[in-house]
Amino acid sequence: MNNYQLKRVYHFKGNPHEIGFTAGRTLGAKLEQTLRHYIASREHASDMNKLHHGALPWLHRLPKRFQDEFEGMAEGANLPLQSLAEWVYIEECESNRCSGTVGLFENRAWVARNNDTYVPELWGYVTIREVDGRIPTLNFNMEGDVFTSTGINKDKLWLHYNFLPVWDEPASGKPHVPGYVFLTEALEVCQHSRRCRSIPQRK
């Protein structure tokens, strides 16, 4: 095994486009392999027509900070933006869910989650991001992933979520983002004291 294969922690600094470009350039062809494997492993449970037609419009409705990072990543890895959009949008095209638990042992809290339906061999990476003008974060995710469902920021705010089924739809016309987008945004703008800078909605 070489050092690259053993690398599990990535650290990126700069504005969103710079961070994306550096991540794309760093991962290169490995990022494309991750995208293909992840989508191929989940297509049996996903609405592929919705994925192909809805991914890019969905990406263009995200807060600009994330659009910039994805555009930079596409440039750095020399990949179509459509491919990166499908990588993250596939979460909106299928119904598999995961679970988690919190336990207290000897006055310490332990947080655990499963990921057995989400291509577990691609997970197990840590991404540290220092986005200009935002709180630095440490996220647990797939290699190169922009979003996370578990992370902590420099102000010691820890956030984690699990997918849960809902029976209602978002109010018509109201801007909204998926949980993993909101959580990533919140880590970058919210302090442990629960004071948050403005969390932008979809644009």
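What the table shows:
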{"read-out": "Residues with amide H under 5 Å from that of Gly144, placed H, sequence gap 5 or more", "value": "none"}
{"read-out": "Amide proton proximity set for Tyr10, modelled H, under 5 Å, gap of 5+", "value": "Val126, Thr127, Ile128"}
{"read-out": "Segment Val126-Lys64, extension gain: residue separation times 0.36 nm, minus the distance between their alpha carbons", "value": "20.0 nm"}
{"read-out": "For Leu35, net neighbour charge (Lys/Arg +1, Asp/Glu -1) across residues whose Cβ lies under 15 Å away", "value": "-4"}
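Quick note: the coordinates plus some simple rules give every number you see, no bench work behind them. Every value quoted in this text rests on a predicted model; they were computed, and no experiment measured them. So basically every Cβ, Gly included, is an ideal-geometry build from the backbone, and we count neighbours across all protein chains shown.
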